[in-house]
Amino acid sequence: MELIEKPEAVRRRARMPDYARARRTFTWAGARAQMSGLPGGRGLNIAHEAVDRHATGRGDAVALRVLSRDGAVDEVTYAELRRRTDRFANALRALGVARGERVFTLLPRTLDLYVVALGTLKAGCVLSPLFSAFGPEPVAQRLRLGEGRVLATTPRLYERRVRPQRADLPDLRHVLLTGDPAEGPDDGEEGCSALQHLLDAAEDGFTIPPTDPEDPALLHFTSGTTGRPKGAVHVHEAAVAHHATATAALDLGPDDVFWCTADPGWVTGTSYGIVAPLTHGATLLVDERDFDAERWYDVLAEQRVTVWYTAPTALRMLARHGAEAAHRRDLSALRHVASVGEPLNAEVVRWSAEVLGTPVHDNWWQTETGAIMISNFAGEDIRPGSMGRPLPGIEATVLERGPDGRALRTGGGVREVTTPGVDGELALRVGWPSLFRGYLHEDERYRASFADGWYLTGDVVRRDADGWYWFAGRADDVIKTAGHLVGPFEVESVLMAHPAVAEAAVIGKPDPVAGELVKAFVTLRPGWWPSDALHDELIAFARRRLGSVAPKELVVDPHLPHTRSGKILRRLLKARELGLPEGDLSTVETS
Ligand code: ATP
Ligand code: MG
């Protein structure tokens, strides 16, 4: 079994170096005890854990370091973040927004977003962050589904994305506009107010109301990879899991400079792009701009980032950009790199060990799980291509699948796969704090996600004899060809091992003989061009490694469709291939 060793210096500093010991000794009660709780035993509130608890004692520490579009770097201390979020919470009160009501954000990654998000949680309202590149229909759809009472956005986004749908949003009472008050509609028009005016008028100092750990805190829409996005509800207690998993999987602590490249419009950008780094008292980098390989290397080097959380697509793009850009810079501060959202090909792990100086730790989780569940543990060596093992406090298993591809439910309940290497649906034993508490307005679907005390994830995995998990594909994506079950990830990883291939997506195409045949779509690296010879070479390359499950068809496609959160949309490739309706496209990356 291939192992990539952590550099010795890195391993020595790891906060949780011993997996077996951590699993033995960890309890959720112990993790809960690490939270400070609201003063006077008044419960648990995410914003208190993230901001106020540090504002006294470590108030001068830098909470946010904002890299603005214009190149300026602004630092906000925990004390200052407390003052600002207090004011925003008071502003919500002054508007008459009640606890439990939903506050949406449609904001770029500027300081306002973080102030609104944390101030909303302080006030006991539910935060629902939307990705700022959503078009008018996806925005309206989510605001309607979530009965948004308040929306914080920019005047420009309001004009383009919200105003056209304003009449269809009767629940939306208040629109808070960031930026220069002179640029938006006048205060009062269509329920709009300038955020700046509200903050100016608000008082300093806010006492967080008693918060039951089970009070709803966050409403997150899934990425829409398999269909219409679902609204997953999370509660304040989730912070316990955000905090604990950040120690175990990200090796995060108070002296870190942490950069999470996910936008808070996705669950990663909230759980680990807002909450966990702040509950740890770390310095969170906020980068207002989008991906650019050279600039990202600059950020890593110049900001002395110590822990970096990113996604496979970004890493693949960096790899495509060439190693020279990394070698030109001083990345010595970088101690830990982790990735989530899509399978991480072994190829990328090897690349990162060599080029970034530390191997990327894959980790697996979902909007529904609220926090990292399975990972290549922070202090230990990595099995490239594996998602890792369940974190302390998490019990995972593999369930036998039925004809519909999902866990088989017989009269006697579900059945666990005990033979190593046999695939099945990944399931998690219910009982960790950040498990979602419902799909908004979809109770039946929520109930159907559980069986016999397990949460069923919809992903197909294999577990090896040592207990490491290997991703095969989503239950909907797994291909059945001539009696073999093929996980698209396996085939994609093999194709990516060829020097010409930058990215690959594999689907099952109905075939009268084989049931389905494996069809691959690939994007080429710079310097490679599509040709018949390359086509044949790639198929032969895959065939040598995979045998009969290698792709029978392969096309070079320079634009594989992705979700805005960076996932390849295999369902869209398949729909196009079959001439079927394309389904919900609200989260498709358009640029
Ligand atoms: P939807 O549920 O709307 O179809 P989605 O499942 O992509 O969208 P998310 O909750 O953002 O929405 O993504 C979780 C999914 O992403 C997982 O179920 C899994 O399929 C995939 N995923 C996340 N991390 C990994 C990983 N490390 N390896 C493989 N797949 C991963
Ligand atoms: Mg999903």
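Throughout, read-outs are computed from the coordinates displayed, never taken from laboratory work. Keep in mind the model is a prediction, meaning the values are calculated, not measured. Glycine also receives a Cβ, built like all others from the backbone with ideal geometry; neighbour counts cover every protein chain displayed.
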**residue 532/residue 293 FRET efficiency (R0 51 Å; Cβ-Cβ; nearest 0.05)** = 0.95
**Request:** Enumerate the amide H contacts of residue 104 below 5 Å, restricted to partners 5 or more residues apart or on another chain; note that Pro and chain-start residues carry no placed amide H.
**Result:** 128, 149, 150, 151, 152
**Item:** Whole-angstrom Cα spans of the range 20-170 along principal axes, big to small
**Value:** 54, 39, 36
**Hits among lysines - C-alpha to C-alpha of residue 480 under 30 Å, sequence gap 8 or more where chains match** = 230, 509, 519, 552, 567, 574
**Karplus (6.51, -1.76, 1.60) ³J(HN,Hα), θ = phi - 60°, over the range 457-468, in Hz, Gly and Pro reported as x** = 8, x, 9, 9, 9, 10, 10, 8, 5, 8, x, 8
**Asked** What's the center-to-center distance, using Cα atoms, between the range 176-237 and the range 480-536 in Å?
**Response** 43
**Prompt:** Sorted by packing (mean other beta-carbon atoms within 10 Å per residue), highest first, where do 399-406, 475-482 land?
**Reply:** 475-482, 399-406
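Taking the Cβ of residue 393 as the center, what net charge do the other residues with Cβ under 14 Å away carry, scoring Lys and Arg +1 and Asp and Glu -1? Could the numbers behind the result be given before it?
Details: positive: 21, 23, 24, 32, 389, 429; negative: 237, 395.
Here the count lands on +4.
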**Message:** Largest first, please: the extent of the C-alpha atoms of the range 75-237 along each principal axis, to the nearest Å.
**Reply:** 42, 40, 31
**Complete:** Per the C-alpha gyration tensor (a ≥ b ≥ c, the square roots of its eigenvalues), the range 479-578 is rounded if a/c is under 1.5, else prolate if a/b beats b/c, else oblate; here it's oblate
**Message:** If amide hydrogens are placed 1.01 Å from N in the peptide plane, which non-local residues have theirs closer than 5 Å to the one on residue 555?
**Reply:** 520, 521, 522
**Item:** Proximal aspartates and glutamates relative to residue 6, as straight alpha-carbon distance under 14 Å, when same-chain residues fewer than 8 apart are discounted
**Value:** 18, 251, 354, 362, 380, 381
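Given all pairs of different Cα atoms, what value in angstroms does the Kirkwood hydrodynamic radius of the range 242-284 take? Please report the intermediate quantities before stating the final value.
Values: mean 1/r = 0.1015 Å⁻¹.
The answer is 9.9 Å.
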**Prompt:** Sorted by mean Cβ packing within 10 Å, highest first, what order do the peptides 65-78, 493-506, 41-54 take?
**Reply:** 41-54, 493-506, 65-78
**Fill in**
Farthest towards the positive end of the dipole of the chain, among 14, 560, 114 and with Cβ unit charges of +1 on Lys and Arg and -1 on Asp and Glu, lies the Cα of 14
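Could you tell me whether the range 362-417 comes out rounded, prolate or oblate from its Cα gyration tensor? Rule is a ≥ b ≥ c as square roots of the eigenvalues, rounded for a/c under 1.5, then prolate if a/b exceeds b/c, otherwise oblate. Don't skip to the end; give the middle numbers.
On the way: a/c = 2.44, a/b = 2.13, b/c = 1.14.
Judged from the Cα gyration tensor, the range 362-417 comes out prolate (a/c at least 1.5, a/b above b/c).
If you stretched the chain out fully between residue 160 and residue 465, how much longer would it get, using 0.36 nm times the residue separation minus the C-alpha to C-alpha distance? Let's see the in-between values first.
Working: separation 305, 0.36 × 305 = 109.80 nm, distance 5.41 nm.
Here the answer is 104.4 nm.
Return 158, 309, 439 ranked ascending by Cβ neighbour count within 10 Å, so the fewest neighbours appear first. List each step's numbers first, then the result.
Numbers: 158 22, 309 27, 439 19.
Fewest-to-most ranking of 158, 309, 439: 439, 158, 309.
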**Evaluated over the chain, the Cα radius of gyration and Dmax, each in Å** = 23.6, 72
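Please give the peptides 169-182, 442-455, 369-382 ranked by average Cβ packing (other Cβ atoms within 10 Å per residue), highest first, as a rough proxy for protection. Write down the numbers at each step before the final one.
Numbers: 169-182: 18.1, 442-455: 14.8, 369-382: 25.6.
Top to bottom by mean Cβ count within 10 Å: 369-382, 169-182, 442-455.
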